Amino acid sequence: MPRSISNCDHTVVCLSSSPHAAIAGFTRQSQRQRLAAIKADNRSFPREDKLFLEEDNRAFPAPLLLPGDDLAGDTENPQSFQQWLHGEHRNPITAKQKTVYVVPSPQVDPSVDFMRTWITPECSNNKNSIKTPSTKDVQDYLTAFYHGLPVKLMPPSTFRFVPWEEPKRRPRKNTGQQYLGLESGDECVRIRSRTLSNGVYGGQVNLDDLLDAAISILPKDAYALLMLVDFDLYEDDEDEFVCGRAYGGSRVAVVSTARYNPILDTMQDVERVHAWPASHCGKYMTACATAEPSSKRQKRSSVNSRGSRNSTSELNGPVEDAVSVYRSLPDLNSSPSLLSALWLGRVCRTASHELGHCFGIAHCVYYACSMQGTASISEDARQPPYLCPIDLAKILCATSASASERYRALLAFCERPSNRDTHFFGPFATWIQSRLGQIEDSA
């Protein structure tokens, strides 16, 4: 895939899938099928919410589907609102179990102090003072995204890494797989880890073990629990890395901030210039259509009525408005604060995605949507932060929230001084404002 189309002005916005979709054999659900997927027996929404659930390709384009993307090898079955509503593995929200908990990254005991070196990429030269995403900021974003439910932050001392063996037998570096202890209260569980001699990070922690630990501390009033970790993760020996995963039925998720660090973008072939919303740039999509897929591995988990390419001057809507704002922003490398906000935005999008699985939502195949699956870090950067109408219906039903109030809560977060005029939250704020304007005009 092209590393970059530098100095692109993004003047042509594409609201359909890329030309590669046909090559990959991807067949999108028809408009009739998409409209049917939003309906469910014996479940209706207030009139205002129904307006937010109407299809509009100016706000909800088709999946991009570039070479190497998750949908290029799609085995996902579409999950309609009806199927979600009656899903046997979906956990209902109750008065006693409705809180979403966010757990900060485990503390590191001095006896395993070597783990602190695992947090900084091996390639880092410390020239840019980019800030690691704040757990409190992620909590605030999730409070808006899952508006209507309490989202609580658990104490930083909830988990602590300690030696699994006697403290004097300190694990050696570069010895391959080793064991750590993860302490919570009076309990200590074994966590697999591995050191790497030629990796992006000096060591990684096993994701499955962390998910099992998260299950063990799930509070009685919890609907779901998300653990954020600063460490790079892996699942099995064949993995290069994994960014996060959810055990949806068990209502727990783990997300790592490590691979979203903008310092790694060049190494991981992340196309900063055409991250969302500029991923809908027609010039970029055409250039990528015949490119080879990236070799970097990550596990996670139609044409519109005016044609496949639309000039922003011909068709106004949330996506075009977001691209217009994105086009006006300064170069990302001009300020560490811009890179810090980008890092936070990436983590927020993935955190909301993985928690979505805890709400019983499967990967989306209907639209470009926050609940789409991703096959690489580069694809992850192209995914939008919003929910498509079908997945929005699921969340509104689960949380009993108003669509308008939910969007306004997200808008307030995106317009915080530290987020405003940044490359993820600035365009998202504009997308929300434009979408609210569409609804007001049609009301």
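The simple spin-label model puts a point 7 Å past each Cα toward its Cβ; for SER44 and GLU238 those points are separated by 5.1 nm.
What chymotrypsin sites (Phe, Trp or Tyr not before Pro) in region 225-266 are in a loop by DSSP, with at most 13 other Cβ atoms within 10 Å of the Cβ?
Working: sites: PHE231, TYR234, PHE241, TYR247, TYR260; in loops: PHE231, PHE241.
Filter output for region 225-266: empty list.
The DSSP beta bridges internal to the chain are antiparallel in roughly 55% of cases. Carbon-plus-sulfur accessible fraction, the chain (probe radius 1.4 Å, protein heavy atoms only): 46%.
With 10 Å bins beginning at zero, the pair-distance distribution over Cα atoms of the chain amounts to 4, 22, 32, 27, 12, 3, 0 %.
Each Lys or Arg adds one and each Asp or Glu subtracts one; over the other residues with Cβ under 9 Å from the Cβ of VAL162, this totals -1. Using the average count of surrounding beta-carbon atoms within 10 Å as a protection proxy, the listed peptides 200-212, 59-71, 396-408 rank, highest first, as 59-71, 200-212, 396-408.
Between ASN333 and THR117, take the C-beta separation as r, use R0 = 25 Å, and let me know the FRET efficiency to the nearest 0.05.
Values: r = 26 Å, r/R0 = 1.04.
FRET efficiency, ASN333 to THR117: 0.45.
For the chain, the Cys residues with no second cysteine's beta carbon closer than 4.7 Å are CYS8, CYS14, CYS123, CYS188, CYS243, CYS281, CYS288, CYS348, CYS358, CYS397, CYS414. The DSSP beta bridges internal to region 92-266 are antiparallel in roughly 55% of cases.
Placing a label point 7 Å from the Cα of ILE215 along the Cα-to-Cβ line, the residues of region 347-361 whose backbone N sits under 20 Å from it are 354-361.
Using the structure shown, list the pairs from LYS98/LYS131; LYS50/LYS394; LYS96/LYS152 with a Cα-Cα distance above 23 Å, or answer none.
Check vs 23 Å cut-off fails for LYS98/LYS131.
Rolling a 1.4 Å probe across the protein heavy atoms gives the chain an accessible surface of 41 Å² per residue.
In the complete set of protein chains, residue-level accessible area for LYS39 is approximately 140 Å², probe 1.4 angstrom.
The values are calculated or read from the model by the stated rules, or taken from the named source; none is laboratory data. Note that the coordinates shown come from a computational prediction; the quantities given were computed from them, not determined experimentally. Cβ coordinates were reconstructed from backbone atoms using ideal geometry, including for glycine residues, and neighbour counts include every protein chain displayed. To get the accessible areas, we keep the full protein, side chains included, count just its heavy atoms, and leave off ligands, DNA and RNA. Shrake-Rupley method; radii C 1.70, N 1.55, O 1.52, S 1.80 Å.
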